[in-house]
Amino acid sequence: MTIRLEDLTVNFDERFQLDNISWQIEDSQHWVITGANGSGKSALAAVLAGAGQQLSGHLSGVPARVGLVSFEAQAELIEAELKKDDADIMDVVSEGTPVREVLLNGETDPALVHELVGKFGLENLLDRAFRKLSTGESRKMMLIRALASNPDLLVLDEPFDGLDVDTLAMLQGYLASLVDTVPMVMVLNRFDEFPGFITHIAYVDKGRLEHQVARADETAYGELYKLLHLKTTDLQVPGADPETAIPVLDPSQPLVKLNGINIKYDDKAIIKDLHWTIERNQHWQLSGPNGSGKTGLLSLITGDHPQCYVNDIFVFGFKRGSGESIWQIKQFIGYVSTALQWEYRVGTGLRNVIISGFYDSIGLYSKCTDRQRQIADQWLALLGMSDRADQPFNKLSYGDQRLLLIARAMVKHPPLLILDEPCLGLDDMNRQLVLALIEKICASSETSVLYVNHHPEDQISGIDNYLELDKR
């Protein structure tokens, strides 16, 4: 049996759509579908059980007998029960359909139902109305119902949710005993719950099947782990160090205010009469073609452009040209760019790279505090790199270096984080890692993000202010 989805687009009551899914499931394969909340994991699993309205593409090879466990399938049982109540004309309150009747429904193997009822410990609940079961008991009932139907394909959406430790271990062992007889597709959020027999992982994002990874491919599997970790972790962006805190800014003043600025090279105007204000807690995306002045505009803000003193620029409480130093400006900015990554060629360890952000230095040349070290370790945990704290930075992949430099830029919690083409040169997996981290920063801190980007598909959730430059 081979299940094929070819350029499949499926609509779900106009609330959600899976787009152009191409996927193949072989007999000997067992898949986990994973991704962030709302990404379409459950929708993709449900397609295998016949859900959704197919708009285009092809679906073939799905067997007639699919054992399905999902919250949606459980909701359908309850909905049918409520309709039965509405149709009842008797003057007595219905107790509801008992568990026994749900399990012995003509499509299940009675002997196998009996065996599984014992394994799941539901013997004393067979005569109880199924809608009166607890969350864990309901999940057990749905599992028994699916497993006892002798399916040719098992589709299990979060099958471990609500189960106690002993039942979880029993279920994982029982599923492992089926690996040679029935292919399985599971929806799981947690990597630590992936059973050992899983052979492949499908990563879904925004209704698209973005990655298909063989578990045996250790490199790709590790990258996917980091991506999912960043998308779903409950760990918040680590806090600042109070001992090296940035001076408090006047909350009534904008971070940046550019009043009719101009940038010229050899009498050629690159930017002409531009007015732009960045308020506190605003996130901006800056875009435009090559040569439109993006880099020059950023360097006016950072204080690195020679024409910043001939323009009307107000940054972080300073009017440029009023006697402030460049370091007074830079203390309020975290900055990541390809140029910085080229310059950061030192072989210092990953922890020290992050700590260097407290000092705005390339490399670490000061003795750090215990608190700074603790914060750096929290960032490494967020990035899924705790086990590599002492690994040399210059031995990392290009994408991991980018993640570290973003953490370095954020470690002091600057009022403004400038990310100049942070995805430049990254493969698709590392690009999504970087985008996930930026989304986490936008959602979890008071830092304003200024994100420079060429590609419309790399938009960040949480950024809703846009400035687009052109060559005119």
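Here are the numbers for this structure:
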{"read-out": "Cut-off under 5 Å, modelled amide H: who pairs with Val32 long-range", "value": "Met186, His200, Ile201, Ala202"}
{"read-out": "Per-residue [θ]222 nm for the chain (sum of -39500 (n - 2.57) over DSSP H runs n ≥ 4, rounded to 500)", "value": "-9500 deg cm²/dmol"}
{"read-out": "Under the Karplus curve 6.51 cos²θ - 1.76 cosθ + 1.60, θ = phi - 60°, whole-Hz ³J(HN,Hα) for region 200-210, x wherever Gly or Pro sits", "value": "9, 10, 10, 9, 10, 8, 6, x, 10, 8, 7"}
{"read-out": "Contact order normalised by residue count of the chain, Cα under 8 Å, 6+ apart, percent", "value": "15"}
{"read-out": "Charge dipole (debye, nearest 20) of the chain; +1 at Cβ of Lys and Arg, -1 at Cβ of Asp and Glu", "value": "1920"}
{"read-out": "Spacing of the two label points (7 Å from each Cα toward its C-beta) at Asp312 and Ala176, in nm", "value": "7.2"}
{"read-out": "Dipole magnitude of region 3-232, debye to nearest 20 (Cβ charges: Lys/Arg +1, Asp/Glu -1, about Cα centre)", "value": "320"}
{"read-out": "Sparse-neighbourhood loop sites, trypsin sites (Lys or Arg not before Pro) in region 41-145 - DSSP loop, at most 15 other Cβ within 10 angstrom", "value": "Arg65"}
{"read-out": "Residue-by-residue Karplus 3J(HN,Hα) for region 332-343, coefficients 6.51, -1.76, 1.60, Hz, glycine and proline x", "value": "9, 10, x, 9, 9, 7, 4, 4, 5, 5, 5, 6"}
{"read-out": "Dipole of the chain, positive direction: furthest Cα of Leu364, Ala46, Val452, with charges on the beta-carbon", "value": "Leu364"}
{"read-out": "DSSP-defined antiparallel bridges as percent of all bridges, the chain, nearest 5", "value": "50"}
{"read-out": "Spacing of the two label points (7 Å from each Cα toward its C-beta) at Gln253 and Asp360, in nm", "value": "1.6"}
{"read-out": "5 angstrom amide H check on Asp205, placed H, neighbours 5+ away", "value": "Glu210"}
{"read-out": "Lys pairs, region 3-232 - Cα-Cα below 25 angstrom, 8 or more residues apart or on other chains", "value": "13"}
{"read-out": "Distance between region 335-400 and region 1-54 - C-alpha centres, whole angstrom", "value": "39"}
{"read-out": "Those residues of region 9-51 whose amide nitrogen sits under 13 Å from the label point placed on Ala216, 7 Å along Cα→Cβ", "value": "28-30"}
{"read-out": "Segment Leu467-Glu193, length gained on full extension (0.36 nm per residue, minus Cα span)", "value": "94.3 nm"}
{"read-out": "Separation of alpha-carbon centers, region 247-273 and region 58-78, rounded to whole Å", "value": "58"}
{"read-out": "GluC sites (Glu not before Pro), loop per DSSP, at most 15 other Cβ atoms within 10 Å - longest free stretch of the chain", "value": "108-278"}
{"read-out": "Dipole-positive endmost among Met186, Thr167, Ser461 within the chain (Cβ charges, Cα centre)", "value": "Ser461"}
{"read-out": "Rounded to whole Hz, the Karplus (6.51, -1.76, 1.60) HN-Hα couplings of region 255-264, x for glycine and proline", "value": "5, 9, 9, 10, 10, x, 6, 9, 10, 10"}
{"read-out": "Leu340 versus Ser299: modelled label distance in nm, points set 7 Å from Cα along the beta carbon direction", "value": "1.6"}
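FYI, it's all coordinate maths here, none of it is from the lab. Nothing here was measured: the structure is a model prediction, and the numbers come from that model. All Cβ positions, glycine included, derive from the backbone under ideal geometry; neighbour counts span all protein chains shown.
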